[in-house]
Amino acid sequence: MGALEASLKSSGALTVTAQNVTFPTTQLTGGSATIQGTTTDWVVDDLSDLGAGWHLTVAATDIVNGTHLIPVGNLAMRLLNTDISVLSGNTPPAVVPLFANFTSLGSAQTFASAGVGEGMGSYSLSPTFQLFLPADAYAGTYSATVTVTIVDGP
């Protein structure tokens, strides 16, 4: 009788594809305001076949226009469990409870996590954003960088 030998390899890697966040043109009135940002769906893929779990972090920079600055703490994100769709695979990641409400991106934070044996497949995430404009904000086009990272382990 012959022996059976099997070698299993991972078919892929962990990836996250985040999209740009845009805010509408807003008329400054001399008072503060909170505006809503939009983005197209972000896609998370765990094609590793390892089931080791993973988590997502988000960090942002100050929002700048030349020498004018809106502090990054004025930028907030929210992601609800209902904002996560399974494109293919098993149990989707869960949102970290803090992000069930708009949470400031003033520091890097974990916002979603897939436990061991979960999050294997492809998932669509639809976060929403808010930006608090202070009364002393200057007119102009502002930009910032939002970095989303996928990390091995729940």
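Which part of the stretch 92-107 falls in the paramagnetic zone of T82, meaning amide N under 20 Å from the point 7 Å along Cα-to-beta-carbon?
Under 20 Å, as judged by backbone N against the label point of T82, lie 92-103 of the stretch 92-107.
Starting from the amide H of T91, placed 1.01 Å from N in the peptide plane, find each other amide H under 5 Å away whose residue is 5 or more places distant or on another chain.
Those lying under 5 Å, H to H, from T91 are G119, M120.
Which order do the peptides 141-153, 46-58 take when ranked by the mean count of other beta-carbon atoms within 10 Å per residue, highest first?
The packing order, highest mean first, is 46-58, 141-153.
Counting every Cα pair in the stretch 84-126, what percent are over 14 Å apart? Mind showing how you got there, number by number?
Details: 453 of 903 pairs.
Value for the stretch 84-126: 50 percent of Cα pairs lie more than 14 Å apart.
To the nearest whole percent, what portion of all C-alpha pairs in the stretch 39-153 is separated by more than 19 angstrom? Before the final figure, lay out the partial values.
Values: 3163 of 6555 pairs.
Summing the P(r) of the stretch 39-153 above 19 Å gives 48 percent of all pairs.
Where does the charge balance sit around M120 when Lys and Arg score +1, Asp and Glu -1, over other residues with C-beta under 11 Å from its C-beta?
With Lys, Arg at +1 and Asp, Glu at -1, the net is -4.
In whole Å, what are the extents of the stretch 35-107 along the principal axes defined by its C-alpha atoms, from largest to smallest?
Answer, in whole Å and largest first: 47, 22, 21 Å.
Taking H as built 1.01 Å from N, whose amide H comes closer than 5 Å to the amide H of A112, not counting residues under 5 places away?
Those lying under 5 Å, H to H, from A112 are L56, V96.
Read-outs: derived from the displayed coordinates by stated rules, not from any lab. Just so it is clear, the structure is predicted and the values come from calculations on it, not from any experiment. All Cβ positions, even for glycine, are placed from backbone atoms using ideal geometry, and neighbour counts span all protein chains on display.
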